[in-house]
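None of the figures in this text is laboratory data; all of them are computed from the coordinates on show. What you see is a predicted model; the values in this text were computed from it and never measured. Cβ placement follows ideal geometry from the backbone for every residue including glycine, while neighbour counts extend to all protein chains displayed.
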Amino acid sequence: MIRLLALFLAFALSAGCAHTTKKSDLESLRPVVESFHQRVRWKDYRIAARFVVPERRQDFERARRERQDERDLSITDYEIEEVEVAEEGARAIITSRIKWMRLPSVSEQSDTVISEFIYRDGKWLLEKQFGGPFDGELP
């Protein structure tokens, strides 16, 4: 009987720890999304690239240089509209509204941007993004 009680207690504690970890992982998502948006808004692409999955990071940085985004891209505003987390908690789809313009155009564009973040190696990383100034660069 004592073994059964000890086994039940060990199971309950491990389940509680798993739940706590998953909750804290989700709590860490919003600051990452906010930081990525802020970094690209203020043209800090070197730091913004750290939020991109490693296998696409160099492509992201190269595209910023080739498109001369430090000079030509201005993100004037962003707003996170929706955060949807997949059941397993390792993937999140973020819907944002981003206002931006890229020279030589002086017309501000307002786009809905869909970003897919994955939880890998203890942190959230941007894997894909559709819409906005980086559309097609993180397929």
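Here the average projected area of the convex hull drawn through the C-alpha atoms of the range 66-114 stands at 4.4 nm². Evaluating 6.51 cos²θ - 1.76 cosθ + 1.60 at θ = phi - 60° for every residue in the range 58-74, the Karplus couplings come out as 5, 4, 4, 5, 4, 4, 5, 5, 5, 8, 6, 5, 4, 8, 9, 9, 10 Hz, glycine and proline recorded as x.
Of the three principal axes defined by the Cα atoms of the range 54-136, the extents in descending order read 43, 28, 17 Å. With the simple spin-label model, which puts each label point 7 Å out from Cα in the Cβ direction, the residue 44 to residue 79 separation comes to 2.4 nm.
Rounded to whole numbers, the Karplus 3J(HN,Hα) couplings from phi for the range 45-56 are 5, 4, 6, 4, 4, 5, 8, 8, 4, x, 6, 10 Hz, using 6.51 cos²θ - 1.76 cosθ + 1.60 with θ = phi - 60°, and x at Gly and Pro. Where in the range 71-135 are there GluC sites (Glu not before Pro) that are in a DSSP coil and have at most 10 other Cβ atoms within 10 angstrom of their Cβ? Listed in order of number, the matching sites are 87, 88.
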